[in-house]
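Inspection log for the structure reproduced underneath, given as structure tokens.
The values are calculated or read from the model by the stated rules, or taken from the named source; none is laboratory data. These numbers come from a predicted model, not from an experiment. Glycine gets a Cβ as well: all are built from the backbone with ideal geometry, and neighbour counts include every protein chain shown.
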Amino acid sequence: MNDAALQSDMQESANQDIVVEANLPHGPEAIWKALTTGELIARWLQMTPTGFEAVKGKHFTYQTTAAGAWDGVIRCQVLDVVPYQRLVYSWKGGHESIKAGYGTLLDTVVTWTLQKIERGTRLHMVHSGFVLPRNDSAYKNMSGGWKKVVPRVGEIAGEQD
């Protein structure tokens, strides 16, 4: 394979991550509760998780708007849990028959990291693994969405203090 072909292949499958960080004036315990309690997740994410537990290996789903052959189900699995410090889960959706736009195959990972700071908690969220250009639509929509969601986690956590 020549350099031009290799460069073209790399451009076709470039991975992109969404990163959002906020310093929140609440303790890690309150932030953790907001991140790991189903009814609280539903409030900040505006999608209710079905079957969620902060237990490694646990499968759960979210339901969003269906598109074509895609049923709108986001299938997730908890990959790592360190209470009050780290929560990681897969985030998979879409359908192989949808080649562009909303509903393309998505195989990503959401990582929440909590770090105690002097006046609260630094919450760091990474949604990784967007394959561009296939996931352009999801990446653009979710980039804006996560920037709104992370502060809502803080608002809801404030109610738990």
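For THR61, which of the numbered conditions (1) assigned to a strand (DSSP E or B); (2) out of contact with any Pro (no Cβ under 9 Å at 6 or more places or on another chain) fails to hold?
Of the numbered conditions (1) assigned to a strand (DSSP E or B); (2) out of contact with any Pro (no Cβ under 9 Å at 6 or more places or on another chain), the odd one out for THR61 is (2).
Does LEU105 meet the test of being surrounded by 16 or more Cβ atoms within 10 Å (Cβ to Cβ), touching a residue at least 24 places away in the same chain (Cβ under 8 Å), touching a strand residue (DSSP E or B) at 6+ places or on another chain (Cβ under 7 Å) and at negative phi?
Against the criterion (surrounded by 16 or more Cβ atoms within 10 Å (Cβ to Cβ), touching a residue at least 24 places away in the same chain (Cβ under 8 Å), touching a strand residue (DSSP E or B) at 6+ places or on another chain (Cβ under 7 Å) and at negative phi), LEU105 does not qualify.
Output the residues belonging to the range 58-67 that are small (Gly, Ala, Ser) and under 18 Å from ASP107 (Cβ atoms). Spell out how you get there, then give the answer.
Just the residues of the range 58-67 that are small (Gly, Ala, Ser), to begin with: 66-67.
Listed by number, the list holds a single entry, ALA67.
So that you can scan it fast, the table gives a plain yes or no per residue for (1) of a type in the set (A, V, I, L, M); (2) in a helix (DSSP H, G or I); (3) at positive phi; (4) at pLDDT 95 or above:
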site	(1), (2), (3), (4)
ALA5	yes, yes, no, no
GLN11	no, yes, no, no
HIS26	no, no, no, yes
ILE41	yes, yes, no, yes
ILE74	yes, no, no, yes
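Please verify whether the range 78-93 includes one or more residues that are over 25 Å from GLU39 (Cβ atoms), of a type outside the set (Asp, Glu) and surrounded by 15 or more Cβ atoms within 10 Å (Cβ to Cβ). Even if it seems obvious, please write down each step before you answer.
From the range 78-93, those over 25 Å from GLU39 (Cβ atoms) are none; that's our starting set.
No, there is no match, as no residue in the range 78-93 is over 25 Å from GLU39 (Cβ atoms), of a type outside the set (Asp, Glu) and surrounded by 15 or more Cβ atoms within 10 Å (Cβ to Cβ).
How many of the residues making up the range 56-109 are within 12 Å of the chain's Cα centre (by Cα), among the aromatic types (Phe, Trp, Tyr) and within 15 Å of ALA138 (Cβ to Cβ)?
2
Just checking, which of ILE74, ILE98, ILE41 is under 23 Å from PRO28 (Cα atoms) and either out of contact with any Cys (no Cβ under 9 Å at 6 or more places or on another chain) or crowded, with 17+ Cβ neighbours inside 10 Å (or both)?
Details: ILE74 fails: under 23 Å from PRO28 (Cα atoms); ILE98 fails: under 23 Å from PRO28 (Cα atoms).
ILE41 is the lone residue from the list that is under 23 Å from PRO28 (Cα atoms) and either out of contact with any Cys (no Cβ under 9 Å at 6 or more places or on another chain) or crowded, with 17+ Cβ neighbours inside 10 Å (or both).
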